[in-house]
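Asker: Please see the structure below; I have some questions.
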Amino acid sequence: MHQGTSAGPKAGRKEWTGLAVLLLPLLLVSMDVSVLYFTVPFISKELEPTGTEQLWIFDIYGFVLAGLLITMGSLGDRIGRRRLLLAGAVAFGVASVAAAYAQNAETLIAARALLGVGGATLMPSTLALIRNMFHDDKQRSAAIGIWSSAMASGVALGPVLSGFLLDHFWWGSVFLANVPAMVLLLVLAPFLVPEFKSPAAGRFDPLGSLLSLVAVLPVIYGIKELAKDGAAPVPVLSVAVGLAFGWLFLRRQRTVPNPMIDLKLFRDRGFSGSIATNTLAMFGMAGYMIYTTQYLQSVLGHSPLEAALWCLIPSFAVAFAAPAATALSQRLDNAYVVGVGFLVAVAGLGTMALVEPDSGVWLVLTAAGITSVGLIIVMATITDLLMASAPKEKAGAASALLETGQQFGGALGIAIMGSVGTAVYSGGMTDHPPRGLAPAQVDEAAQALGNATAVAARAPEAVGEALLHTARAAFVDGLHSAVLTAAALLLAAAAGSALLLRGVRGPASDGRAEERHLPAEEEPSVRREDAVV
């Protein structure tokens, strides 16, 4: 069974141009996750942050972004998605300027937090507006495929952009590059992007918003800390506190008259299955990416910029995978498309399990490309299915839930796959340490491959070479264990999606009557002469 085609009006040139405008904030928000990779030495020299401050410079953006997605998605349904998009563009632009000219670490941390606020308004707004701009199923699927490709490409482009800018300008330029795009968004969006909001959303729930924030933040923080330091009382307690507040948040959603999240949506297999499946796909995506970049840099010896440029190669395949997946979902059952996507990803992870320290760059890039294509097929199909399953008046909250699940999936992927790989690596280093190293040096080298490289640089040449050989072999053993663990999970996900999503499709009706259209000049153009067939 495949999705039926909606009889809704076709989108015209105005809507497709509006989609191009909506891709601007999406690219920048996803790029800002990775844009700081090369700036650490420059920021450390100029601002002299402490170790703790440096960690917060990196992490605060993702924490705030994840914590506010549900709030901002719900707020957009109430005050208008375009209005929230424009407010987010202002916040993102102002925060970018503040970050670029920060004079101390505290200011930079605050600016990165404000960037997270802006990002949390922009991401769900773009997807929700696409849901409202494209009423025809095929056109909506194509638009969501383009959206998925842009989101994936932004993460890969971030390190390349920062590397290029740092070769020519000062470190603040990586933030200042956001400003022209935000100005362009503010100028063009009022003319090209229509305004939508739910007529029955009711009043905003500040207490519910606070509960969602204190539920998501501690869980994300705890997972990240567990990935870095292993089991420890503070991160375990953090996750427990977050889960407790999550229970309070869900309890409140069942009792308030106008909940931020309509829990009845989860009774729909298409909706609940989409959230779970997308979270698993992001688990695999984030988990294997950390090993790809580490292998290119620490095993093959490429510089960070060289590694980032190599990692762009799989992105070209990804750019075509998402639109192809959404086109297939119009002809085939979504369950089959998702299942095939997971199986392709498993094949990619299996190929990565063949990588050895001397394999070279092409085998790992081939494996990464196959894995990326498979997971993007899953994520693009699932995004389209979820947006079709959710009522249009709740598209903002639905997209926010999808993206919050992605944040959890990414954090879990890094934590679990990182922990598996680290355990195997550490065991290999301590079981077979090179001769000539003191016990303290062995312990330091066993913590991470980067530590082993530092120890090898201080050791006599022969001892250092032996240490690097052992460390790289141990790292690759850890990589094998991690990707095979992920492959087993994704194989189970392929079987589960075939059962959970079989026969699920979005509503065939256009449903425009569900939305309250604001002033006539803000409505989308659907003139026959502008239609894209």
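The values are calculated or read from the model by the stated rules, or taken from the named source; none is laboratory data. Remember, it's a predicted structure, so these values are computed and weren't measured experimentally. Ideal geometry is used to build each Cβ from the backbone, glycine not excepted, and the neighbour counts take in all protein chains shown.
Asker: So which of L468, L412 ends up being in a helix (DSSP H, G or I), out of contact with any Pro (no Cβ under 6 Å at 6 or more places or on another chain) and over 26 Å from G301 (Cβ atoms)?
Answerer: Details: L468 fails: over 26 Å from G301 (Cβ atoms).
Of L468, L412, the one residue that is in a helix (DSSP H, G or I), out of contact with any Pro (no Cβ under 6 Å at 6 or more places or on another chain) and over 26 Å from G301 (Cβ atoms) is L412.
Asker: Looking only at the stretch 39-51, filter to residues that are among the β-branched types (V, I, T) and more than 24 Å from the chain's Cα centre (by Cα); which one of those is modelled with the highest pLDDT? Let's see the steps before the verdict.
Answerer: Initially, the stretch 39-51 is screened for residues among the β-branched types (V, I, T), giving 39-40, 43, 50.
This time we only want the ones that are more than 24 Å from the chain's Cα centre (by Cα), so: 43, 50.
Working: I43: 79, T50: 72.
Among those that are among the β-branched types (V, I, T) and more than 24 Å from the chain's Cα centre (by Cα), it is I43.
Results for (1) surrounded by 20 or more Cβ atoms within 10 Å (Cβ to Cβ); (2) among the acidic types (D, E); (3) at pLDDT 80 or above, shown as yes or no for each residue.
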{"site": "L354", "(1), (2), (3)": "no, no, yes"}
{"site": "W362", "(1), (2), (3)": "no, no, yes"}
{"site": "L375", "(1), (2), (3)": "yes, no, yes"}
{"site": "A380", "(1), (2), (3)": "yes, no, yes"}
{"site": "D384", "(1), (2), (3)": "yes, yes, no"}
{"site": "A388", "(1), (2), (3)": "yes, no, no"}
{"site": "A395", "(1), (2), (3)": "yes, no, no"}
{"site": "A398", "(1), (2), (3)": "yes, no, no"}
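Asker: Take the stretch 222-265 and flag every residue that is more than 30 Å from G421 (Cα to Cα), out of contact with any Ser or Thr (no Cβ under 9 Å at 6 or more places or on another chain) and β-branched (V, I, T).
Answerer: Across the stretch 222-265, the qualifying residues are T255, V256.
Asker: Further question on the same structure: When you check L305 against the structure, is it out of contact with any Phe, Trp or Tyr (no Cβ under 9 Å at 6 or more places or on another chain), modelled with pLDDT under 80 and surrounded by fewer than 21 Cβ atoms within 10 Å (Cβ to Cβ), yes or no? Break it down into steps so the answer makes sense when it comes.
Answerer: Numbers: out of contact with any Phe, Trp or Tyr (no Cβ under 9 Å at 6 or more places or on another chain): no; modelled with pLDDT under 80: yes; surrounded by fewer than 21 Cβ atoms within 10 Å (Cβ to Cβ): yes.
Spelling it out, it is not the case that L305 is out of contact with any Phe, Trp or Tyr (no Cβ under 9 Å at 6 or more places or on another chain), modelled with pLDDT under 80 and surrounded by fewer than 21 Cβ atoms within 10 Å (Cβ to Cβ).
Here is a yes/no grid of residues against (1) outside any helix (DSSP H, G or I); (2) closer than 16 Å to P314 by Cα; (3) touching an Asp or Glu at 6+ places or on another chain (Cβ under 7 Å):
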position: P357; (1), (2), (3): yes, no, no
position: I370; (1), (2), (3): no, yes, no
position: L375; (1), (2), (3): no, yes, no
position: A380; (1), (2), (3): no, no, no
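Asker: Which residue, of V64, V90, is over 18 Å from W171 (Cβ atoms), at pLDDT 85 or above and among the hydrophobic types (A, V, I, L, M, F, W, C)? Let's see the steps before the verdict.
Answerer: Numbers: V64 fails: at pLDDT 85 or above.
None of the other options fit; the residue is V90.
Asker: From A100, A11, which residue is hydrophobic (A, V, I, L, M, F, W, C) and at pLDDT 75 or above? Can you show your working first?
Answerer: Details: A11 fails: at pLDDT 75 or above.
Step by step, each of A100, A11 is checked, and only A100 is hydrophobic (A, V, I, L, M, F, W, C) and at pLDDT 75 or above.
Asker: Something else now. Just to be sure I understand the filter: pairs with C-beta atoms under 8 Å, separated by 6 or more residues or on different chains, first member in the stretch 72-92 and under 17 Å from A111 (Cβ atoms), second member aromatic (F, W, Y). Which pairs pass?
Answerer: Between residues of the stretch 72-92 that are under 17 Å from A111 (Cβ atoms) and residues that are aromatic (F, W, Y), there is no close pair.
Asker: Given (1) of a type in the set (D, E, K, R); (2) over 27 Å from A156 (Cβ atoms); (3) modelled with pLDDT under 80, where does D59 come up short, assuming only one miss?
Answerer: (2)
Asker: So L332 ticks every box in (1) out of contact with any Phe, Trp or Tyr (no Cβ under 9 Å at 6 or more places or on another chain); (2) modelled with pLDDT of 80 or more but one. Which box is left unticked?
Answerer: Status for L332: all satisfied but (2).
Asker: Would you check which residues across the stretch 151-181 are touching a helix residue (DSSP H, G or I) at 6+ places or on another chain (Cβ under 8 Å), at pLDDT 80 or above, assigned to a helix (DSSP H, G or I) and closer than 19 Å to G88 by Cβ and list them?
Answerer: F175, L176, N178, V179, A181, listed by residue number.
Asker: Give me the pairs: first residue in the stretch 431-451 and assigned by TED's automatic domain parsing to the domain that holds E461 and assigned to a helix (DSSP H, G or I), second residue among the hydroxyl-bearing types (S, T, Y) and buried (at least 16 other Cβ atoms within 10 Å of the Cβ), beta-carbon distance under 8 Å, and six or more apart or on different chains, which are they?
Answerer: As it stands, the answer is L449/S298; L449/Y425; G450/S298, since those pairs meet every condition given.
Asker: Which residues, taken from the stretch 44-85, are aliphatic (A, V, I, L, M), under 26 Å from A102 (Cα atoms) and surrounded by fewer than 20 Cβ atoms within 10 Å (Cβ to Cβ)?
Answerer: Within the stretch 44-85, L47, L55, I60 qualify.
Asker: Here's a follow-up. Looking at (1) more than 25 Å from T50 (Cα to Cα); (2) in contact with a Leu (Cβ under 6 Å, 6 or more places away or on another chain); (3) surrounded by fewer than 22 Cβ atoms within 10 Å (Cβ to Cβ), which one does K138 not meet, given that it meets all the others?
Answerer: All conditions pass for K138, except number (2).
Asker: So in the stretch 205-227, with the set limited to residues that are in contact (Cβ under 8 Å) with a residue 24 or more places away in the chain and charged (D, E, K, R), which one is nearest to V241 (Cα to Cα)? Before you say what the answer is, go through the steps one by one.
Answerer: Going through the stretch 205-227, the residues in contact (Cβ under 8 Å) with a residue 24 or more places away in the chain turn out to be 205, 207-209, 211-221, 223-224, 226-227.
Subset that is charged (D, E, K, R): 205, 224.
Values: D205: 21, K224: 15 Å.
Step by step, filter the stretch 205-227, then rank; the result is K224.
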